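**Student:** This is the structure I want to talk about, given as C-alpha coordinates.
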Amino acid sequence: DIIGKSKYILEKLKVHPTYGHYKKFKFCLATENIFVSKSINQYANNSIPSIYTMNDLFFEYYEKLYKIISKTAIYQLLGELRIEPRVTNILKVPCFKTKIKGITLYNFNVDPRRLLEFACVARRESGNEEYYQRMLEGRRLNEICKYLGYGIDYKDELFPQGKLFPNNIIIAFFPDSEKTKPSFEKISDNKLTDDEFGTLTFPKSYRCCWVIDGQHRLFSFAKLGEL
(Lines give C-alpha, C1' and ligand atoms only; values in the text may rest on other atoms or scores of the structure.)
Protein backbone atom coordinates (compact mmCIF):
# COMPACT_ATOMS: atom_id res chain seq x y z
CA ASP A 1 0.00 0.00 0.00
CA ILE A 2 1.88 3.04 -1.28
CA ILE A 3 -0.44 5.53 0.39
CA GLY A 4 -0.04 3.79 3.75
CA LYS A 5 3.73 3.81 3.37
CA SER A 6 3.74 7.48 2.41
CA LYS A 7 1.91 8.36 5.65
CA TYR A 8 4.53 6.47 7.64
CA ILE A 9 7.38 8.19 5.74
CA LEU A 10 5.75 11.59 6.27
CA GLU A 11 5.58 11.06 10.04
CA LYS A 12 9.27 10.16 10.12
CA LEU A 13 10.26 13.11 7.93
CA LYS A 14 8.55 15.59 10.27
CA VAL A 15 10.83 14.54 13.15
CA HIS A 16 13.94 13.89 11.06
CA PRO A 17 16.97 15.93 12.26
CA THR A 18 17.79 17.05 8.69
CA TYR A 19 14.39 17.38 7.02
CA GLY A 20 12.13 18.07 9.99
CA HIS A 21 12.24 21.86 9.53
CA TYR A 22 10.46 21.61 6.15
CA LYS A 23 6.74 22.36 6.35
CA LYS A 24 5.60 20.64 3.16
CA PHE A 25 6.59 17.45 1.38
CA LYS A 26 5.68 16.19 -2.08
CA PHE A 27 5.55 12.46 -2.85
CA CYS A 28 6.16 11.38 -6.43
CA LEU A 29 5.94 7.92 -7.94
CA ALA A 30 7.93 7.48 -11.18
CA THR A 31 7.13 4.49 -13.38
CA GLU A 32 8.51 3.18 -16.66
CA ASN A 33 6.66 0.88 -19.07
CA ILE A 34 3.90 0.47 -16.49
CA PHE A 35 0.31 1.42 -17.26
CA VAL A 36 -1.40 3.30 -14.43
CA SER A 37 -5.12 3.91 -14.92
CA LYS A 38 -6.65 7.38 -14.69
CA SER A 39 -8.68 6.39 -11.63
CA ILE A 40 -5.54 5.26 -9.75
CA ASN A 41 -3.77 8.49 -10.74
CA GLN A 42 -6.64 10.57 -9.38
CA TYR A 43 -6.86 8.48 -6.21
CA ALA A 44 -3.14 8.85 -5.51
CA ASN A 45 -3.15 12.56 -6.36
CA ASN A 46 -6.12 13.29 -4.08
CA SER A 47 -4.94 11.13 -1.19
CA ILE A 48 -3.46 12.50 2.04
CA PRO A 49 -0.57 12.91 1.60
CA SER A 50 -0.96 13.23 -2.15
CA ILE A 51 1.24 11.15 -4.43
CA TYR A 52 2.00 12.51 -7.89
CA THR A 53 2.53 9.85 -10.52
CA MET A 54 5.12 10.32 -13.27
CA ASN A 55 4.90 7.95 -16.21
CA ASP A 56 6.64 7.73 -19.59
CA LEU A 57 4.42 10.45 -21.10
CA PHE A 58 5.31 12.76 -18.23
CA PHE A 59 9.04 12.56 -18.92
CA GLU A 60 8.59 12.66 -22.71
CA TYR A 61 6.54 15.86 -22.39
CA TYR A 62 9.00 17.72 -20.18
CA GLU A 63 12.01 16.50 -22.12
CA LYS A 64 10.47 17.94 -25.28
CA LEU A 65 9.40 21.14 -23.52
CA TYR A 66 12.88 21.67 -22.07
CA LYS A 67 14.42 21.39 -25.53
CA ILE A 68 12.06 24.12 -26.73
CA ILE A 69 12.04 26.67 -23.88
CA SER A 70 15.06 25.54 -21.83
CA LYS A 71 15.07 26.33 -18.10
CA THR A 72 11.71 28.12 -18.28
CA ALA A 73 10.11 24.66 -18.38
CA ILE A 74 10.75 24.40 -14.62
CA TYR A 75 7.82 26.75 -13.94
CA GLN A 76 5.49 24.44 -15.87
CA LEU A 77 6.76 21.46 -13.87
CA LEU A 78 6.45 23.19 -10.49
CA GLY A 79 2.92 24.29 -11.38
CA GLU A 80 1.86 20.78 -12.30
CA LEU A 81 3.30 19.44 -9.05
CA ARG A 82 1.33 22.15 -7.19
CA ILE A 83 4.46 23.58 -5.61
CA GLU A 84 3.93 27.19 -4.53
CA PRO A 85 6.47 29.97 -5.00
CA ARG A 86 8.13 31.06 -1.77
CA VAL A 87 7.36 34.77 -2.10
CA THR A 88 3.94 36.15 -1.12
CA ASN A 89 3.19 38.88 -3.67
CA ILE A 90 4.70 37.41 -6.80
CA LEU A 91 3.67 39.94 -9.39
CA LYS A 92 1.68 43.17 -9.06
CA VAL A 93 0.91 45.40 -12.03
CA PRO A 94 -1.18 48.55 -12.63
CA CYS A 95 -4.16 47.78 -14.83
CA PHE A 96 -7.62 48.71 -16.06
CA LYS A 97 -10.51 46.46 -15.08
CA THR A 98 -13.76 46.23 -17.04
CA LYS A 99 -16.64 43.81 -17.57
CA ILE A 100 -18.14 42.67 -20.86
CA LYS A 101 -21.21 40.42 -20.75
CA GLY A 102 -20.37 39.34 -17.21
CA ILE A 103 -16.75 38.51 -18.00
CA THR A 104 -14.06 40.43 -16.09
CA LEU A 105 -11.23 41.72 -18.27
CA TYR A 106 -7.88 43.18 -17.20
CA ASN A 107 -5.68 45.31 -19.44
CA PHE A 108 -2.07 45.76 -18.29
CA ASN A 109 1.56 45.90 -19.38
CA VAL A 110 4.15 43.58 -17.93
CA ASP A 111 7.73 42.51 -18.57
CA PRO A 112 7.35 39.24 -20.55
CA ARG A 113 10.22 37.70 -18.61
CA ARG A 114 8.12 37.93 -15.41
CA LEU A 115 5.02 36.56 -17.09
CA LEU A 116 6.97 33.46 -18.15
CA GLU A 117 7.02 32.36 -14.52
CA PHE A 118 3.23 32.17 -14.28
CA ALA A 119 1.91 31.51 -17.78
CA CYS A 120 1.42 28.02 -19.16
CA VAL A 121 0.81 26.58 -22.58
CA ALA A 122 -0.04 23.04 -23.69
CA ARG A 123 -1.01 22.44 -20.08
CA ARG A 124 -1.01 18.80 -19.03
CA GLU A 125 -2.10 16.97 -15.89
CA SER A 126 -1.46 13.49 -14.55
CA GLY A 127 -3.84 11.06 -16.23
CA ASN A 128 -4.82 13.63 -18.86
CA GLU A 129 -2.18 13.87 -21.56
CA GLU A 130 -4.51 15.58 -24.05
CA TYR A 131 -3.06 19.07 -23.74
CA TYR A 132 -5.31 22.12 -23.79
CA GLN A 133 -3.29 23.65 -26.63
CA ARG A 134 -0.75 22.56 -29.23
CA MET A 135 2.87 22.20 -28.21
CA LEU A 136 5.21 25.11 -28.87
CA GLU A 137 7.32 25.02 -32.04
CA GLY A 138 11.02 25.62 -31.50
CA ARG A 139 11.51 26.93 -35.06
CA ARG A 140 8.90 29.67 -34.61
CA LEU A 141 10.39 30.68 -31.27
CA ASN A 142 13.83 31.03 -32.87
CA GLU A 143 12.45 33.15 -35.71
CA ILE A 144 10.76 35.56 -33.31
CA CYS A 145 13.84 35.63 -31.08
CA LYS A 146 16.03 36.61 -34.02
CA TYR A 147 13.59 39.38 -34.90
CA LEU A 148 13.74 40.72 -31.34
CA GLY A 149 17.53 40.68 -31.26
CA TYR A 150 19.59 37.60 -32.09
CA GLY A 151 22.14 36.69 -29.41
CA ILE A 152 21.46 39.75 -27.26
CA ASP A 153 22.26 39.68 -23.56
CA TYR A 154 19.49 41.89 -22.16
CA LYS A 155 20.19 41.76 -18.42
CA ASP A 156 20.33 45.54 -18.08
CA GLU A 157 18.00 46.67 -20.86
CA LEU A 158 15.02 44.91 -22.38
CA PHE A 159 15.90 45.81 -25.98
CA PRO A 160 19.44 47.30 -26.14
CA GLN A 161 19.74 46.70 -29.90
CA GLY A 162 16.76 44.59 -30.87
CA LYS A 163 13.27 45.52 -32.02
CA LEU A 164 10.08 46.15 -30.10
CA PHE A 165 7.18 43.78 -30.52
CA PRO A 166 4.08 45.98 -30.00
CA ASN A 167 1.42 43.33 -29.74
CA ASN A 168 -1.13 41.93 -27.30
CA ILE A 169 -0.99 38.59 -25.56
CA ILE A 170 -4.28 37.18 -24.30
CA ILE A 171 -4.18 35.11 -21.11
CA ALA A 172 -6.89 33.57 -18.97
CA PHE A 173 -6.65 32.83 -15.26
CA PHE A 174 -7.79 29.53 -13.79
CA PRO A 175 -10.51 30.33 -11.23
CA ASP A 176 -10.43 26.77 -9.86
CA SER A 177 -9.91 27.95 -6.30
CA GLU A 178 -8.94 31.00 -4.30
CA LYS A 179 -5.28 30.07 -4.76
CA THR A 180 -5.47 30.53 -8.54
CA LYS A 181 -7.55 33.73 -8.62
CA PRO A 182 -5.92 37.14 -9.11
CA SER A 183 -6.84 40.00 -6.79
CA PHE A 184 -7.68 43.54 -7.86
CA GLU A 185 -7.30 46.64 -5.69
CA LYS A 186 -9.20 49.62 -7.03
CA ILE A 187 -7.51 53.04 -7.01
CA SER A 188 -9.86 55.18 -9.10
CA ASP A 189 -12.59 55.19 -11.77
CA ASN A 190 -12.02 56.11 -15.38
CA LYS A 191 -14.15 59.22 -15.99
CA LEU A 192 -14.43 58.52 -19.72
CA THR A 193 -15.50 54.86 -19.49
CA ASP A 194 -16.86 52.36 -16.98
CA ASP A 195 -13.35 51.01 -16.38
CA GLU A 196 -11.75 50.91 -12.97
CA PHE A 197 -8.05 51.60 -12.48
CA GLY A 198 -6.03 49.79 -9.85
CA THR A 199 -3.43 47.10 -9.24
CA LEU A 200 -3.70 43.45 -10.22
CA THR A 201 -1.86 40.94 -8.03
CA PHE A 202 -1.16 37.54 -9.52
CA PRO A 203 -2.00 34.52 -7.37
CA LYS A 204 0.71 32.68 -5.48
CA SER A 205 0.83 29.86 -7.99
CA TYR A 206 2.91 28.81 -10.96
CA ARG A 207 0.90 28.21 -14.17
CA CYS A 208 -1.87 30.40 -12.81
CA CYS A 209 -2.77 31.69 -16.28
CA TRP A 210 -3.11 30.09 -19.68
CA VAL A 211 -1.88 31.75 -22.89
CA ILE A 212 -4.90 31.77 -25.21
CA ASP A 213 -3.25 33.78 -27.99
CA GLY A 214 0.39 34.77 -28.44
CA GLN A 215 2.11 31.75 -26.95
CA HIS A 216 5.05 31.87 -29.38
CA ARG A 217 5.44 35.64 -28.95
CA LEU A 218 5.63 35.25 -25.17
CA PHE A 219 7.79 32.15 -24.94
CA SER A 220 10.26 33.50 -27.48
CA PHE A 221 11.64 35.49 -24.54
CA ALA A 222 12.66 32.19 -22.96
CA LYS A 223 15.04 31.77 -25.89
CA LEU A 224 16.28 35.35 -26.16
CA GLY A 225 19.93 35.54 -25.17
CA GLU A 226 20.47 31.77 -25.47
CA LEU A 227 20.93 31.54 -29.24
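**Student:** Filter region 55-108 down to the residues that are open to solvent by 100 Å² or more (accessible area, probe 1.4 Å), in contact with a strand residue (DSSP E or B) (Cβ under 7 Å, 6 or more places away or on another chain) and not in a strand (DSSP E or B) and list them by number.
**Tutor:** Asn89
**Student:** Quick check on region 160-184: of everything there that is hydrophobic (A, V, I, L, M, F, W, C) and modelled with pLDDT of 75 or more, which residue is most open to solvent (accessible area, probe 1.4 Å)? Walk me through it before giving the result.
**Tutor:** Initial filter on region 160-184 (hydrophobic (A, V, I, L, M, F, W, C)): 164-165, 169-174, 184.
Filter once more, keeping what is modelled with pLDDT of 75 or more: 169-174, 184.
Details: Ile169: 63, Ile170: 88, Ile171: 37, Ala172: 30, Phe173: 43, Phe174: 24, Phe184: 48 Å².
Filtering region 160-184 for residues that are hydrophobic (A, V, I, L, M, F, W, C) and modelled with pLDDT of 75 or more, the one most open to solvent (accessible area, probe 1.4 Å) comes out as Ile170.
**Student:** Identify, by number, the condition in (1) within 30 Å of Arg82 (Cα to Cα); (2) modelled with pLDDT of 80 or more that Lys223 doesn't meet.
**Tutor:** Condition not satisfied by Lys223: (2).
**Student:** In region 7-29, what residues are outside any loop (DSSP other than H, G, I, E, B) and closer than 20 Å to Asn45 by Cβ?
**Tutor:** Taking region 7-29 first, the residues outside any loop (DSSP other than H, G, I, E, B) are 7-14, 27-29.
Lys7, Tyr8, Ile9, Leu10, Leu13, Phe27, Cys28, Leu29 - these are the residues of region 7-29 that are outside any loop (DSSP other than H, G, I, E, B) and closer than 20 Å to Asn45 by Cβ.
**Student:** Can you work out which of the residues in region 1-23 that are under 24 Å from Glu84 (Cα atoms) and touching a residue at least 24 places away in the same chain (Cβ under 8 Å) is least open to solvent (accessible area, probe 1.4 Å)?
**Tutor:** Looking at residues that are under 24 Å from Glu84 (Cα atoms) and touching a residue at least 24 places away in the same chain (Cβ under 8 Å), I get Ser6.
**Student:** Still on this structure, I have one more. Tell me which residues, restricted to region 124-153, are within 15 Å of the chain's Cα centre (by Cα), in a loop (DSSP other than H, G, I, E, B) and modelled with pLDDT under 60.
**Tutor:** Quick first cut of region 124-153, residues within 15 Å of the chain's Cα centre (by Cα) only: 124-125, 131-133, 135-136.
Imposing the further condition that a residue be in a loop (DSSP other than H, G, I, E, B) reduces the set to 124, 131-133, 135-136.
Across region 124-153, the qualifying residues are Tyr131, Tyr132, Gln133.
**Student:** Output yes when any residue across region 24-34 is at positive phi and open to solvent by 30 Å² or more (accessible area, probe 1.4 Å), and no when none is. Write out each step before concluding.
**Tutor:** Taking region 24-34 and keeping what is at positive phi, we get 33.
Next, from what is left, pick out any that are open to solvent by 30 Å² or more (accessible area, probe 1.4 Å): 33.
Checked against the condition, which is being at positive phi and open to solvent by 30 Å² or more (accessible area, probe 1.4 Å), region 24-34 yields at least one hit.
The values are calculated or read from the model by the stated rules, or taken from the named source; none is laboratory data. Fair warning: this is a prediction, and the values are worked out from it, not measured in the lab. Here Cβ is always computed from backbone atoms with ideal geometry, including for glycine, and neighbour counts include all displayed protein chains. Each accessible area value is taken on the protein alone, full model and side chains, heavy atoms only, with ligands, DNA and RNA left out. Shrake-Rupley method; radii C 1.70, N 1.55, O 1.52, S 1.80 Å.
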